[in-house]
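Asker: One structure, pasted below without further comment.
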Amino acid sequence: MKKTYRDEWRVMVTLKPRRPADLGLTGLDDLAEFVAPSGPITVAVLPRRLGNFGFLSVSDSLASRDVEGDYRRRCDEIAAELRQRPQVDEVTVTCTETHTCSHCRLRWEVLTADEAADDSTNQDEHSVEGEPVCCVEAIAEFRTEHSIPQLAEAGEAA
């Protein structure tokens with residue numbers, strides 16, 4: 001079974017500055033001139049770690065029973081605040097997803113339609129698109145769920 005882990009949560013913000021103050025550049029009017037960028041600027045806003053309490057730092061799993069959900073809520077809160085700013089053009093909450101096999105813990109990979117049809121890359125004549133390739137247990141589980149004949153055991157006549 002495929003397990004998905006989400007981490008590296010961030011809020012991607014696209015700014016369209018109209019004046020220097022939109023970038024926080026204030027108080028220099030008598031010393032400098034500013035040239036506005038020609039296009040939008042995109043920056044990543046990272047949420048503070050869940051386990052960072054300022055005076056104390058612990059792992060996220062000690063600070064929360066729902067790490068993924070709490071990071072999502074924290075990023076949504078940041079995004080809502082940023083959307084109210086006049087120089088903000090677009091805000092998107094994103095994260096990095098890692099897919100692994102629950103049986104062998106290797107990276108989750110599946111056969112493409114071309115690989116399933118190619119005898120040099122498929123497991124057997126019953127291989128189909130979407131079938132995992134990491135371990136026998138994942139293949140067996142997939143084939144059971146999709147009513148596909150199981151792999152022949154080693155040493156069996158094919």
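Asker: Report the convex hull volume per residue for segment 1-86, counting only C-alpha atoms, in Å³.
Answerer: Numbers: hull volume 12.2 nm³, N = 86.
Given the Cα convex hull of segment 1-86, per-residue volume reads 141 Å³.
Asker: Now a separate question. By how many nm would the segment from T98 to D119 lengthen if fully extended, with 0.36 nm per residue of separation less the alpha-carbon distance? Mind showing how you got there, number by number?
Answerer: Values: separation 21, 0.36 × 21 = 7.56 nm, distance 2.87 nm.
In short, 4.7 nm is gained.
Asker: FRET efficiency for E141 and R48, Cβ-Cβ distance as r, R0 = 41 Å, nearest 0.05?
Answerer: Numbers: r = 39 Å, r/R0 = 0.95.
Between E141 and R48 the formula returns 0.60.
Asker: For the chain, what mean projected area does the convex hull of the alpha carbons give, in nm²? Don't skip to the answer; put the middle values down first.
Answerer: Details: hull surface 64.6 nm².
Spelled out: convex hull of the Cα atoms, projected over all directions, averaged, 16.1 nm².
Asker: Now, a different point. Helix 136-145 sits at what angle to the longest principal axis of the chain, using alpha carbons and giving 0 to 90 degrees rounded to 10?
Answerer: Roughly 90 degrees, rounded to the nearest 10.
Each reported figure results from applying straightforward, stated rules to the coordinates on display, with no laboratory input. Not measured: the values here are computed from a predicted model. All Cβ positions, even for glycine, are placed from backbone atoms using ideal geometry, and neighbour counts span all protein chains on display.
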